[in-house]
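Single-structure report; data block below.
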Amino acid sequence: MSLTLLFAAGPGTAEEYHAPLGEALRAAGLEARIVTEAAPEEVDYILYAPASPLQDFTPYTRTKAVLSLWAGVERIVSNPTLTQPLARMVDPSLTRGMVEYVCGHVLRYHLGMDAHIQAAPGDWRPVEPPLAPERRVAVMGLGALGRACAEALRDFGFSVSGWSANPKEIAGVTCHHGPDGLNSLLRGTEILVTLLPHTKATESIVNAETLAALPRGACLINPGRGALIDDDALLAALEDGQIGHATLDVFRAEPLPADHPYWHHPRVTVTPHIAATTRAASASRALAENIARVEAGLPLLHEVPRARGY
Ligand code: NAP
């Protein structure tokens, strides 16, 4: 029997996915039609991104799961009409993209690259950076993305710590958890990477108090979500030298408004939410695998517990 998959995402996304998703579904042994419009009672699965106008899931009575094209689900998870199971995107290409972004920006800070790139001709001031094992890097959030980043940084030789809600054991990474573990994590961190989801508990978790707990001059890399940061507190910490530099990929308002102080701050690097993008070919394989599991009576992968919010 042929399945009906409703593609509910921003303009152009369905076209981008049509060929790779068709191929991935065939490879998974599934017969399906991919549509952008359908009678709700005919839809078996919804492939979803927040730019979609679809906000009322009530009429989708036959739908077995809503599969998010995004890893971050904060814009759909609390939708009261969504009673169907929700899965978030976990995909090897997304993870690899994040690992590359995080490692690149950590290395920039670790090696002090800016000093050389911006040096005036004749400015010969050799400064020896510490080697990676002497550099203390921490990752807040040890999920699909944070864990992969912590492991890659560990493999590079950095002294790596991590923080999560629940206890974790990761070889070669010092793991802290819960509110009590946060201060111990921050105290020893020279480069802080924030890869937490946006939830009530993580809103403005990077604030005046947490920034003050870091060693003076520490650097921040935020590819998680803009709302993790209290922007006024970060700007004050940058002004005061408590934070040496920040690289920010995500913001409370996106695109970042033209008059936002981050754009012109000499110690802020803005990247336009490109740390890790969902790539259609590999994401299609992840979607097809998850649909095939449900059709075979297996549990959905990466299902989001609604009360937890991530
Ligand atoms: P994930 O697998 O759900 O992992 C989330 C991690 O955060 C888990 O380790 C979780 O702890 C931890 N956490 C959540 N709430 C916490 C709290 N209150 N205190 C301490 N730790 C907490 O998510 P992911 O796939 O790694 O993605 C992380 C985020 O990256 C996404 O939510 C999204 O916002 C962002 N993202 C950004 C981009 C980009 O291009 N910039 C791309 C993709 C994703 P437990 O493990 O104990 O549950």
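The values are calculated or read from the model by the stated rules, or taken from the named source; none is laboratory data. As the structure is a prediction and not an experimental result, all values here were calculated from the model. Heads up, the Cβs are rebuilt from the backbone with ideal geometry, glycines too, and the neighbour counts pull from every protein chain shown.
Assess whether T95 counts as being under 21 Å from N290 (Cα atoms), modelled with pLDDT of 95 or more and more than 16 Å from the ligand (Cβ to nearest atom).
no
For segment 85-98, enumerate the residues that are buried (at least 19 other Cβ atoms within 10 Å of the Cβ) and more than 16 Å from H273 (Cβ to Cβ).
Answer for segment 85-98, where residues must be buried (at least 19 other Cβ atoms within 10 Å of the Cβ) and more than 16 Å from H273 (Cβ to Cβ): L86, A87, R88, D91, T95.
Within segment 222-229, can one find any residue that is more than 19 Å from Y109 (Cβ to Cβ) and among the charged types (D, E, K, R)?
Scanning segment 222-229, I find at least one residue that is more than 19 Å from Y109 (Cβ to Cβ) and among the charged types (D, E, K, R), so the answer is yes.
Being within 16 Å of the ligand (Cβ to nearest atom) and surrounded by 17 or more Cβ atoms within 10 Å (Cβ to Cβ), is that true of even one residue in segment 231-245?
No, the conditions are met nowhere in segment 231-245.
Suppose the filter is of a type in the set (S, T, N, Q), without any contact (Cβ under 8 Å) to a residue 40 or more places away in the chain and surrounded by fewer than 17 Cβ atoms within 10 Å (Cβ to Cβ); does S184 pass it?
Yes: the conditions hold for S184.
Pull out all pairs, ordered by first then second residue, where Cβ-Cβ is under 8 Å, the residues are six or more apart or on different chains, the first lies in segment 18-40 and is loosely packed, with under 12 Cβ neighbours inside 10 Å, and the second is hydroxyl-bearing (S, T, Y).
E31/S2
Please specify each residue of segment 168-196 satisfying the condition of being modelled with pLDDT of 95 or more, small (G, A, S) and more than 20 Å from the chain's Cα centre (by Cα). Lay out the reasoning, then the answer.
Step one: list which residues in segment 168-196 are modelled with pLDDT of 95 or more, which gives 168-187, 189-196.
The next check asks that each one be small (G, A, S); those that pass are 171-172, 178, 181, 184.
Correct list: A171, G172, G181, S184.
Do you know which residues across segment 64-86 are of a type in the set (F, W, Y) and either part of a strand (DSSP E or B) or without any contact (Cβ under 8 Å) to a residue 60 or more places away in the chain (or both)?
none
Which residues, taken from segment 283-303, are surrounded by fewer than 19 Cβ atoms within 10 Å (Cβ to Cβ) and within 23 Å of L196 (Cα to Cα)?
Hits for segment 283-303 are L300, L301, H302, E303.
Looking at segment 106-196, what strands (runs of 3 or more DSSP E) fall wholly within it and have at least 3 residues that are in contact with a Cys (Cβ under 8 Å, 6 or more places away or on another chain) and within 16 Å of the ligand (Cβ to nearest atom)? Give the derivation first.
Values: elements: 136-140, 159-164, 173-177, 191-194.
Filter on segment 106-196 gives 159-164.
Do the conditions hold for M89, that is, is it assigned to a helix (DSSP H, G or I), within 12 Å of the ligand (Cβ to nearest atom) and of a type in the set (A, V, I, L, M)?
Here the answer is no, as M89 does not meet what is asked.
Within 24 Å of L195 (Cβ to Cβ) and either under 14 Å from the mean Cα position of the chain (by Cα) or outside any helix (DSSP H, G or I) (or both): is that true of S52 in this structure?
Numbers: within 24 Å of L195 (Cβ to Cβ): no; either under 14 Å from the mean Cα position of the chain (by Cα) or outside any helix (DSSP H, G or I) (or both): yes.
Answer is no for this residue.
Considering every residue within segment 47-63, establish whether at least one is touching a residue at least 60 places away in the same chain (Cβ under 8 Å) and either closer than 27 Å to G12 by Cβ or within 16 Å of the ligand (Cβ to nearest atom) (or both).
Looking for residues that are touching a residue at least 60 places away in the same chain (Cβ under 8 Å) and either closer than 27 Å to G12 by Cβ or within 16 Å of the ligand (Cβ to nearest atom) (or both), one finds at least one in segment 47-63, hence yes.
Looking at (1) surrounded by 20 or more Cβ atoms within 10 Å (Cβ to Cβ); (2) touching a helix residue (DSSP H, G or I) at 6+ places or on another chain (Cβ under 7 Å), which is the only condition L256 fails?
All conditions pass for L256, except number (1).
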